[in-house]
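The values are calculated or read from the model by the stated rules, or taken from the named source; none is laboratory data. All figures in this text were calculated on a predicted structure; none of them were measured in a lab. Virtual Cβ from ideal backbone geometry, glycine too; neighbours counted across all protein chains shown. SASA here: full protein model, heavy atoms, side chains in, ligands and nucleic acids out. Shrake-Rupley method; radii C 1.70, N 1.55, O 1.52, S 1.80 Å.
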Amino acid sequence: MPDSPCWILGISALYHDAAAALIRDGVVVAAAQEERFTRLKHDPSLPLRAAAWCLEEAGITTADLTRVVFYEKPLRKLERMVVSQVLTFPWSLKAFRVGALNHLGDRLWVGSRICKELGIPQDRLLFCEHHLSHAASAFHGSGEAEAAVLVADGVGEWATTSIWKGGPDGLQPVAEVRFPHSLGLAYSAFTAFLGFRVNNGEYKVMGMAPYGTPRFVDEVRQVVDRVEGGGFAVDLDKVTWHHSATDSYGAPFEALFGKPRHPDEPLDFSTPEGRRWADIAASIQHVTESLLLDLVRTAHARTGAEALCMAGGVALNSVANHRIAREGPFARVHVHPAAGDAGGAIGAAWWAWREVLGGGPCSPLRPDLGPRLDEDHTKALLDDLHVRWQRLDEDALIETVADDLAAGRVVGWVQGGAEWGPRALGFRSILADPRGPDQRDRVNATIKFRESFRPFAPATPAECLDERFDAPAAAGSLLPWMLAVVPVKDGVQEELGAVTHVDGSARVQAVEAATNPRFHALLHAFGERTGTPVLLNTSFNLKGEPIVNTAVEALATFDRSGLDVLVLGNLRIEKSTR
Ligand SMILES: [Fe+2]
């Protein structure tokens with residue numbers, strides 16, 4: 001066991017969603033994505049600002065760090081690119097030139113850059129394999145003594161899908177699928193085909209899938225399909241990601257699915273073209289769910305474990321997560337909330353603590369690991385800007401904001417530390433009445449400015465969940481993190497018109513009093529007024545921007561949108577009095 005306090009800084013960077021996470025004796029004390037500081041969505045750059053904030057939050061300097069851990073092995077990644085080039089020459093030459101130059105420019109020297117920027121010696125820097133970082137993020141902190149672990153993403157060094165067995169001695173590899181066969185890259189190819197940005201628009205594909213019927217399943221299975229033994233393979237003649245740095249599909253792919261959608265082309269599911277795109281989305285979603293269920297059953301058969309832990313970008317597919325929990329063989333399913341590459345920062349740090357330094361068990365994550373509001377600072381800011389505010393104590397704040405929401409006002413709600421992961425969980429949220437579709441359309445048209453087909457999510461107190469939502473028991477740990485889309489019960493779909501998707505589902509958040517007491521109390525107060533202890537909860541940001549981090553960003557977003565009320569901690573600001 002290492003000496004206490006043992007501080008470890010985990011870093012993920014240089015692909016997308018860079019993040020830094022600081023753990024003390026296995027407990028995550030601070031974690032944030034770089035985008036929240038630089039305001040560049042999915043910012044991949046070395047997270048120096050996030051790391052500096054983590055250290056400041058803990059009141060330590062880099063001299064106090066026992067280890068710094070990077071979430072992948074740059075040399076192995078370069079090896080994959082070189083070998084891929086040899087295997088696919090001459091197609092790959094351009095891809096290699098572009099990819100290798102980027103790689104050599106940043107990633108290869110990331111170790112020396114981290115040491116220089118943080119002022120730490122080389123012998124304190126560790127590198128953890130990419131999928132091991134993901135696996136550690138899912139398993140350590142799950143509370144399970146033993147579990148199967150499934151990681152699925154685009155690609156790390158070589159692995160694109162991996163199965164592990166987690167136990168008292170750490171994580172042991174069980175099986176893996178290697179590049180160029182990749183479920184994540186296949187989903188991203190369809191994301192690009194449907195006119196969305198890769199590594200950003202995948203959840204839009206998932207959101208439009210219920211508008212279609214999966215009539216292209218046979219064609220999708222010509223691109224990616226299961227193989228004997230529970231894995232899958234990609235037909236490499238149909239895709240181009242193994243020999244192109246810019247495109248993921250080509251003519252043989254288009255021969256199967258038709259003309260791709262231009263990003264500016266409007267999405268209208270009442271037209272034949274719109275329906276074709278929705279049908280393609282439904283088909284890749286269907287095949288992805290089916291392949292994941294195969295992988296999950298394989299993981300169960302190979303490990304004999306009762307619980308499943310998942311991470312990797314594919315594990316953010318909350319529709320698939322529901323099916324895994326409902327139809328899969330595991331009694332309990334856990335997903336790391338920042339399942340994409342950001343989560344690798346925590347995973348890498350936990351791996352070093354548990355498996356390199358021999359530390360004890362890791363504690364479960366709390367949701368609000370990011371920067372906090374400072375009330376004095378916020379008051380000074382508002383006064384400087386001549387913004388009128390009122391300070392309310394806890395009870396009055398809950399009652400007043402519940403009145404606001406029941407009166408149809410849309411509220412920007414900023415409390416405590418910012419959420420870890422891509423979802424707003426009641427710390428940096430926009431809240432509204434979930435009843436009837438009017439509020440949905442209003443939030444979309446005046447605040448979020450996003451595609452009308454994308455659903456909003458409901459939040460409800462955990463103890464009220466079963467009243468309106470049909471969640472499988474195995475999904476219990478997913479619901480506080482909004483990681484599963486579950487059916488809305490018959491009879492309340494109309495009541496929850498603003499948050500029920502076209503197929504009668506919702507990505508519900510079960511809010512727990514222990515981890516978010518103020519939001520939990522607000523939901524009950526709204527329920528007392530309306531009979532519906534549910535709120536529409538969407539992330540506090542405008543389209544294309546990261547979630548707000550600070551009071552000044554919240555105020556700027558309040559000014560530029562149709563929000564009626566802004567709450568910053570105990571301070572309440574009305575748009576009409578500004
Ligand atoms: Fe990854």
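For segment 536-562, filtering for residues that are under 26 Å from Thr500 (Cβ atoms) and more than 25 Å from the chain's Cα centre (by Cα) leaves 1. In the set Ala484, Ala525, only one residue is farther than 30 Å from Arg39 by Cα and either among the small types (Gly, Ala, Ser) or assigned to a loop (DSSP other than H, G, I, E, B) (or both); that residue is Ala525. If the condition is being of a type in the set (Gly, Ala, Ser) and surrounded by 13 or more Cβ atoms within 10 Å (Cβ to Cβ), then segment 234-270 contributes Ser244, Ala245, Ser248, Gly250, Gly258. Residues in segment 13-63 that are in contact with a Pro (Cβ under 8 Å, 6 or more places away or on another chain) and open to solvent by 50 Å² or more (accessible area, probe 1.4 Å): Tyr15, Arg24, Arg39, Leu40, Lys41, Glu57. Within segment 301-323, the residues that satisfy the criterion of being buried (at least 19 other Cβ atoms within 10 Å of the Cβ), in a helix (DSSP H, G or I) and touching a residue at least 40 places away in the same chain (Cβ under 8 Å) are Thr303, Gly313, Val314, Ala315, Leu316, Ser318, Val319, Asn321, His322.
Taking segment 150-187 as the range and being within 12 Å of the ligand (Cβ to nearest atom), touching a residue at least 60 places away in the same chain (Cβ under 8 Å) and part of a strand (DSSP E or B) as the test, the residues that pass are Val151, Ala152, Thr161. Scanning segment 402-411 finds no residues that are under 19 Å from Ile573 (Cβ atoms), surrounded by fewer than 20 Cβ atoms within 10 Å (Cβ to Cβ) and under 27 Å from the mean Cα position of the chain (by Cα). Can you name every residue in segment 180-224 that is at pLDDT 95 or above, out of contact with any Leu (no Cβ under 8 Å at 6 or more places or on another chain) and among the charged types (D, E, K, R)? Across segment 180-224, the qualifying residues are Arg215, Asp218, Arg221. Just to be sure, is Arg388 more than 16 Å from the ligand (Cβ to nearest atom), in a helix (DSSP H, G or I) and among the basic types (Lys, Arg)? Criteria not met by Arg388. Tally up the residues in segment 124-142 that are in a loop (DSSP other than H, G, I, E, B), away from the ligand (no atom under 13 Å from the Cβ) and over 20 Å from the mean Cα position of the chain (by Cα), please. The qualifying residues number 0.
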